[in-house]
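The values are calculated or read from the model by the stated rules, or taken from the named source; none is laboratory data. Nothing here was measured: the structure is a model prediction, and the numbers come from that model. Cβ placement follows ideal geometry from the backbone for every residue including glycine, while neighbour counts extend to all protein chains displayed.
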Amino acid sequence: MKYVAFIDTLGFKQQITSVSHQQAVEVIKSFNQSVFNIWRELGLNHDNSVKGRTFSDSVIVHTRGDSTEELNKILTFLTRLYKESMTKCDLPLRGGLSIGQFDDIQAVEFDNLQKGLIVGTAFIDAYLLESSNNIKGSKLLFGQEINLKIERSLEGFQTKKVKNDSSGVGIYELKWGDLMYLTERNYQALNKFIELATKSKWLDHYYGTLETFLIGESSDNKNEIFLKIINKLKSSYKYNDLDNFIENYLRSDSAPYTKRSFLAYLRNKI
């Protein structure tokens with residue numbers, strides 16, 4: 001049994017269709033450089049218990065076994081990657097993490113023809129978690145087995161149930177970014193989040209992402225973020241960008257937890 005994560009990007013297709021080919025190449029290079037840098041900084045380039053591969057805007061990471069230590073390594077890497085990809089590459093990430101059978105078989109037949117084969121139910125499960133459950137936002141999703149292991153055996157990671165799948169089994173997410181991440185370095189991450197969301201005209205994915213950031217935060221902390229977003233939109237963007245933020249938030253289906261908090265915030269301001 002192995003842990004397998006499949007991660008790809010939000011908004012990549014829209015981003016590369018709006019820029020030149022060379023600019024698209026630079027986006028991919030920047031993303032893959034972040035993967036490489038974090039991998040090296042965590043010492044995974046010398047660690048045979050965790051392996052990975054990148055292709056285009058996607059990453060597959062898998063472990064040799066199913067130990068708690070290996071789960072900790074893969075979560076630590078993905079948390080770092082999610083944070084850096086948004087702030088440095090303008091690419092919020094989404095993905096699934098599963099456990100099961102998996103093999104990454106690579107071979108080289110010719111100098112100009114390489115082949116590789118990814119086999120295993122764990123990869124399929126990880127891919128389907130990300131693509132088939134209509135869960136919006138920059139989220140890292142996993143099932144009940146992984147969630148229980150995190151809750152019982154790992155410190156420093158916070159999780160939340162998102163929904164039940166079609167068979168009634170729970171799907172959970174990792175809180176990969178928190179209030180400290182959003183506010184450090186003079187609100188660098190929050191400002192980047194606002195920039196990307198505004199460019200998208202506040203697609204529902206961004207409210208789902210904001211929900212992830214605010215899991216377990218107090219009303220005061222949530223209100224601080226709401227106020228900061230509103231003030232930033234007032235001072236640095238067009239008036240209709242603020243309208244988009246408020247109107248789309250009230251229509252959002254992906255952020256019931258924070259939408260209730262946002263409505264309470266608005267009521268207190270009336």
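Quick notes
- Evaluation of Gly216 against (1) touching a residue at least 40 places away in the same chain (Cβ under 8 Å); (2) more than 14 Å from the chain's Cα centre (by Cα); (3) not in a loop (DSSP other than H, G, I, E, B) (one fails), failing number: (3)
- Identity of the residue in segment 127-177, assigned to a helix (DSSP H, G or I) and of a type in the set (Lys, Arg), that ends up farthest from Ser58 (Cα to Cα): Arg152
- Pair list, Cβ under 6 Å, 6 or more apart: segment 127-145 residue in the same structural domain as Phe6 (by TED's automatic domain parsing), other residue of a type in the set (Lys, Arg): Glu130/Arg94; Ser138/Arg94; Lys139/Arg94
- Verdict on Ile99 being in contact with a Leu (Cβ under 9 Å, 6 or more places away or on another chain), more than 18 Å from Thr9 (Cα to Cα) and at pLDDT 90 or above: yes
- Residues of segment 158-173 classified as in contact with a Leu (Cβ under 9 Å, 6 or more places away or on another chain) and farther than 22 Å from Asp220 by Cα, total: 5
- Whichever residue in segment 52-87 is among the basic types (Lys, Arg) and modelled with pLDDT under 95 and, among such residues, is farthest from Arg185 (Cα to Cα): Arg64
- Output for segment 10-36, where each listed residue is in a helix (DSSP H, G or I) and in contact (Cβ under 8 Å) with a residue 40 or more places away in the chain: Phe12, Gln14, Gln15, Val27, Ser30, Phe31, Ser34, Val35
- The lone criterion from (1) under 23 Å from Asn248 (Cα atoms); (2) acidic (Asp, Glu); (3) buried (at least 16 other Cβ atoms within 10 Å of the Cβ) left unmet by Asp220 is number (3).
- Any hit, segment 248-262, residues being in a loop (DSSP other than H, G, I, E, B) and out of contact with any Phe, Trp or Tyr (no Cβ under 7 Å at 6 or more places or on another chain): yes
- Across segment 31-44, a minimum of one residue is classified as hydroxyl-bearing (Ser, Thr, Tyr) and either crowded, with 17+ Cβ neighbours inside 10 Å or assigned by TED's automatic domain parsing to the domain that holds Trp202 (or both).
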